[in-house]
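Just so you know, all these numbers are worked out from the coordinates, no wet-lab data involved. Everything numeric in this text was worked out from a predicted model, so none of it was measured. FYI the Cβ positions are ideal-geometry reconstructions off the backbone, even for glycines, and counts take in every protein chain you see.
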Amino acid sequence: MRAGVLSENRIIEFLNGNFINIWVSNVELERTPRKQAYMVQRRKEISNTFDKTHPLAKAIMEGWQEHSPVDCLVISPEFDVMGKLPFNDFFGDCTRRGITEEEGYLTFLNDSLDAKFPGFGEDTSEPLLTGSNVVLNGEQPEQEVLHILRAPKYGDQDYNVITIDTTAFKNGGTLLIDIRMGSAKSGGSFDLFDGEAELPTKGIPTDAVASVWDIPSGQSGIIRYQFDKGKTLKLGATGTWFSGKGNINAFQAKISVVPAKKNEK
């Protein structure tokens, strides 16, 4: 790394301008049985070893590839892995694609920032980091999800769907969906539908029960929806019509219910 891509000034400037750069030893994270045995002894002598329960440590371990001596990971401020690059595969991939190592590494970094999730496989149309089914109840009235969306052409809808189950709230309540867009190019529009509704593929979603449209990149928006009785809903997320077809962004949604009191009508 130091003698290769990290010897390029343009890459160093890009890293310093867009990331907080750290490294963690495979020994500290006990990546192999031999390293685990070593760390057991080391902890007897040194108390301030790396905390494997820390969210950053868990994210690093999530992004590991087996038998890879070095992995480059892009991790969001929420400790979600946005891109992973095992260096055993990196150099051969650059050769096959006919590009320099510097070009390949910059592509990996930019794809991570653009929420293309490099290293996760070709299909990024499904959520890669959290599930698309949210179940809320009295014990867990709030849940956060990280998802992605794509911008369709003007006039079309191309929803990624999160199902929200509020059936546990028999007396109804208020559903709050607090949305924060990632920093990639596409803005986001979000429409909430009844669970049995068929989501449109074109035009304005007139059947939506609540919406928030055109949230710019890096900005936030909120949906509030009051319901009389618990039910299943669908949240459709899509890029805005003016973001350029095919552009991708990530979004984080904090989904919660404020239950109605029993005597409320």
Self-check item: Using alpha-carbon coordinates, inclination of helix 33-45 to the longest axis of the chain, degrees
Solution: 80
Quiz prompt | Distance in nm between pseudo-label sites at Glu103 and Leu6 (7 Å out along the Cβ direction from Cα) | solution = 2.4
Practice problem: Please identify every one of the chymotrypsin sites (Phe, Trp or Tyr not before Pro) in region 53-90 that sits in a loop by DSSP and has no more than 16 other beta carbons within 10 Å of its own beta carbon. | Solution: Trp64, Phe79
Quiz prompt | MRE, 222 nm, helices only [DSSP H, n ≥ 4, -39500 (n - 2.57), over the chain, to nearest 500] | solution = -6500 deg cm²/dmol
Practice problem: Pop the C-beta distance of Asp93 and Lys170 into the FRET formula with R0 = 51 Å and round what comes out to the nearest 0.05. | Solution: 0.40
Quiz prompt | 10 Å binning of all Cα-Cα separations within the chain, expressed as whole percents from 0 upward | solution = 6, 25, 27, 22, 14, 6, 1
Quiz item: PRE reach from Ala210 (point 7 Å along Cα→Cβ): which of region 142-181 fall under 16 Å by backbone N?
Solution: 142-145, 162-180
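Using the eigenvalues of the Cα gyration tensor, what equivalent ellipsoid semi-axes result for region 133-259 when each is taken as the square root of five times the eigenvalue, whole Å, largest first?
Semi-axes, largest first: 25, 16, 10 Å.
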Quiz item: Roughly how big is region 5-113's charge dipole about its Cα centre, with Cβ charges of +1 (Lys, Arg) and -1 (Asp, Glu), in debye to the nearest 20?
Solution: 580
Quiz item: Check Ile99: other-chain or 5+ apart residues with amide H under 5 Å from its amide H, H built from backbone geometry?
Solution: none
Practice problem: Starting from the Cα of Val161, move 7 Å in the Cα-to-Cβ direction to define the label point; list residues of region 229-244 whose amide nitrogen is under 17 Å from there. | Solution: 231-239
Quiz prompt | Lys pairs under 13 Å by Cα in region 133-259, provided they are eight or more residues apart or on distinct chains | solution = 5
